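Below is one structure, written out as structure tokens, with a few remarks after it.
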Amino acid sequence: MRVGRLYGIVALTLSGAAATPAIAADEPKHGGTLTFLIPADAPPSFDGHRETTFATAQSVAPFYSVLIRINPKNSLSTTDFVCDLCTAIPTPGDDGKTYAFKIRDGVKFHDASPLTSADVAASWNEIVFPPPGVSSARQSNFGMVDKIEAPDPSTVVFHLKYATTAFLPALADPFAFVYKKEIIDRDPRWYEKNVMGSGPFKFAGLEIGQAIKGTRNPDFYVQGLPYLDGFVGIYADKQATRIDAIRADRAAMEMRGLPPSARDQLVSDLGDKITVQESDWNCSNLITPNEKKKPFDDVRVRRALALALDQWKGAAALSKIAIVRTPGGIVFPGSPLAATKDELQQLPGFGPDIEKSRAEARRLLKEAGAEGLSFELVNRNIDQPYKYEAAFVIDEWSKIGVKATQKVIPTGPFYESLRGGTFDVTVDFNCQGVVNPPIDVGKYLPRSVQSENYGNYEDPAEIDMYQKMLRESDPAKQRVLMREFEKYVLDTQVREIMLPWQYRIIPQRSYVHGWGISPSHYINQDLAVVWLDKE
């Protein structure tokens, strides 16, 4: 992975294992309100257990606590786990199958009631073993968990079916908010429309489609934190609006990512008043055909759509205008489990001869009786990178005689369409928190296993391949099994069509300190250690 260019204080990528985010060495200052931008019209709901979108995480993470997380002072790391609600990361017992966490004393929810291990266990049970009628976006990440219990008010124990190194990174999921047991017992869907946690900030108001506000929690369990008096998150789904807001200092930053052109423009306009951090991004983009809709139930049609794309030229062109950069398969590029360029070139769309690939695509469409195919490509109403990617694939498909029309809809209806299976083909994404490839690729399992897979198919063979890969403890053997799983998903069955992986560029006002970039726009969002210095 390449090291990012330097602007303002520092620009960072995941390549430097010893690197640290742009956290100033000066003494932090208390006070002030951070105004930042959330690049969405609104979150589909406030429930972190249900949702997968940054619009939810960036809206409500400051109001909640989690059990463990990536160290906010070393946010580029993929292995530096620290406690939030626990007192220490435990050494597992029972040959790696039992994790017993001690919970901090004196933690209070924002309604002043005590938080105990019962609340932690109830929250995690809802994530891992959701009751009927409750959706858990990450349930499939925890197939290794057998039981979660709270044997006393200060202890939570996770019992695993089998030992795996994938468990601890999965446990650090930034959406795993700890909810109040009494509330979820009474109404497990209460948190979809309401906010009440134990985090560094208290909910202070919502203007629907406009802004969400938080105020400092004076009873926060970490002494001296948070530094800020409060925050305002402004919803702004248009990139031009966000850039103008940062330039005019109506907002200090956005925490998702802007394209290179926006970075260069802000640096040119603001000079040392702007600081830029950069990082590779654990966020893949993809096209998902709905296999319950004809002709997308025919693998020949899905393969033709994949073969039409020139992945290498597409990535080079899109990287100049969108928040993407790296061609890749299903595994985070640069990971030891990721495909090499030679391995990628064996997959549809990645071959060295695009004209040969497109000739084969046209042949497959004719054979399948799908010449002149036309359909709607459903997309989310967010400029970066989705509208740019949609324009790219629509143009590429036109070269094999396929006519696709982009249908852009707001975030809430977009997810309703995906979950209801009412679309033909959709722009999709697999954005994760902590880089954890064996768990991250669970997105590509059938809907009966992974609720966030929208392909609408069942495939026991695919599930078996994944389970073998997940349970393999030898890294070399696991890599072989990962390649087999990847080939099955992207080539044999063409369940998904990959697009370039995202690349994170965060321009921020230089008076913002304490916030460090990470490989995920979900991580490091609670704002507890962020502080301002406008002097």
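If we keep just the residues of segment 465-475 that are assigned to a helix (DSSP H, G or I) and not basic (Lys, Arg), which is farthest from ALA166 (Cα to Cα)? Looking at residues that are assigned to a helix (DSSP H, G or I) and not basic (Lys, Arg), I get MET465. Inside segment 154-165, residues that are within 16 Å of LEU67 (Cα to Cα) and surrounded by 19 or more Cβ atoms within 10 Å (Cβ to Cβ) make up a count of 2.
Residues in segment 399-423 that are within 24 Å of the chain's Cα centre (by Cα) and of a type in the set (D, E, K, R): LYS407, GLU416, ARG419. Of the residues making up segment 468-487, just one is free of Cβ contacts under 8 Å to residues at least 40 places away in the same chain, surrounded by fewer than 17 Cβ atoms within 10 Å (Cβ to Cβ) and closer than 21 Å to PHE142 by Cβ, namely LYS468. Among all residues of segment 139-157, there is at least one that is part of a loop (DSSP other than H, G, I, E, B) and touching a strand residue (DSSP E or B) at 6+ places or on another chain (Cβ under 7 Å).
Restricting attention to segment 484-500, and to residues there that are among the β-branched types (Val, Ile, Thr) and in a helix (DSSP H, G or I), which single residue is farthest from SER284 (Cα to Cα)?
Filtering segment 484-500 for residues that are among the β-branched types (Val, Ile, Thr) and in a helix (DSSP H, G or I), the one farthest from SER284 (Cα to Cα) comes out as THR492.
When you look at ASP146, is it more than 17 Å from GLN467 (Cβ to Cβ) and not assigned by TED's automatic domain parsing to the domain that holds GLU452, yes or no?
No.
Remark: pairs (first residue in segment 340-351, closer than 18 Å to LEU481 by Cα; second residue of a type in the set (Asp, Glu); Cβ separation under 6 Å; 6+ apart in sequence or on different chains) = LEU347/ASP491.
State whether the residues of segment 109-127 include one that is out of contact with any helix residue (DSSP H, G or I) (no Cβ under 6 Å at 6 or more places or on another chain), on the phi > 0 side of the Ramachandran plot and modelled with pLDDT under 95. No, segment 109-127 contains no residue that is out of contact with any helix residue (DSSP H, G or I) (no Cβ under 6 Å at 6 or more places or on another chain), on the phi > 0 side of the Ramachandran plot and modelled with pLDDT under 95.
One line per residue, one yes/no per condition, for (1) part of a strand (DSSP E or B); (2) under 29 Å from LEU377 (Cα atoms); (3) under 19 Å from the mean Cα position of the chain (by Cα):
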position: ILE243; (1), (2), (3): no, yes, no
position: LEU258; (1), (2), (3): no, yes, yes
position: SER284; (1), (2), (3): yes, yes, yes
position: GLY328; (1), (2), (3): no, yes, yes
position: PRO352; (1), (2), (3): no, yes, no
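Among the residues of segment 236-252, not a single one is of a type in the set (Ser, Thr, Tyr) and over 22 Å from ALA322 (Cα atoms).
Residues are listed down the side, and each one gets a yes or a no for (1) assigned to a loop (DSSP other than H, G, I, E, B); (2) at pLDDT below 95:
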{"site": "ILE463", "(1), (2)": "no, no"}
{"site": "MET482", "(1), (2)": "no, no"}
{"site": "SER520", "(1), (2)": "yes, no"}
{"site": "GLN525", "(1), (2)": "yes, no"}
{"site": "ALA528", "(1), (2)": "yes, no"}
{"site": "LYS534", "(1), (2)": "yes, yes"}
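Contact annotation: residue pairs with Cβ atoms under 8 Å, 6 or more positions apart or on different chains, pairing a residue in segment 172-195 that is surrounded by fewer than 21 Cβ atoms within 10 Å (Cβ to Cβ) with a partner that is of a type in the set (Lys, Arg) and outside any helix (DSSP H, G or I), are GLU192/ARG50. Every test in (1) under 26 Å from ALA163 (Cβ atoms); (2) surrounded by fewer than 18 Cβ atoms within 10 Å (Cβ to Cβ); (3) out of contact with any Leu (no Cβ under 8 Å at 6 or more places or on another chain); (4) charged (D, E, K, R) is passed by GLU535 save one, and that test is (1). Candidates VAL134, VAL66: the one that is surrounded by fewer than 19 Cβ atoms within 10 Å (Cβ to Cβ), part of a loop (DSSP other than H, G, I, E, B) and of a type in the set (Val, Ile, Thr) is VAL134. Taking each residue of segment 87-107 that is in a strand (DSSP E or B) and looking for partners that are acidic (Asp, Glu) with beta-carbon atoms closer than 9 Å, six or more apart or interchain, yields ILE103/ASP119. Scanning segment 515-535 for residues that are of a type outside the set (Lys, Arg) and out of contact with any helix residue (DSSP H, G or I) (no Cβ under 8 Å at 6 or more places or on another chain) gives TRP515, ILE517, SER518, PRO519, SER520, ILE523, VAL530, TRP531, LEU532, ASP533, GLU535.
Selection over segment 507-518 of residues that are of a type outside the set (Gly, Ala, Ser) and either crowded, with 24+ Cβ neighbours inside 10 Å or assigned to a helix (DSSP H, G or I) (or both) gives a count of 4.
Pick from segment 468-480 the residues that are of a type outside the set (Val, Ile, Thr) and modelled with pLDDT of 95 or more: which of them is nearest to ALA338 (Cα to Cα)?
So, considering only residues that are of a type outside the set (Val, Ile, Thr) and modelled with pLDDT of 95 or more, the one nearest to ALA338 (Cα to Cα) is ARG479.
The listed residues are ASP440, ASP428, ASP464, and the only one of them that is surrounded by 23 or more Cβ atoms within 10 Å (Cβ to Cβ) and out of contact with any Leu (no Cβ under 8 Å at 6 or more places or on another chain) turns out to be ASP440. Could you say whether any residue in segment 383-392 is part of a loop (DSSP other than H, G, I, E, B), in contact (Cβ under 8 Å) with a residue 24 or more places away in the chain and under 26 Å from LYS238 (Cβ atoms)? No; the residues of segment 383-392 include none that is part of a loop (DSSP other than H, G, I, E, B), in contact (Cβ under 8 Å) with a residue 24 or more places away in the chain and under 26 Å from LYS238 (Cβ atoms).
Being in contact (Cβ under 8 Å) with a residue 12 or more places away in the chain and surrounded by fewer than 20 Cβ atoms within 10 Å (Cβ to Cβ) is a property that does not hold for ARG380.
The values are calculated or read from the model by the stated rules, or taken from the named source; none is laboratory data. Just so it is clear, the structure is predicted and the values come from calculations on it, not from any experiment. Don't worry about glycine lacking a Cβ; one is built from the backbone with ideal geometry, like all the others, and counts go over all protein chains shown.
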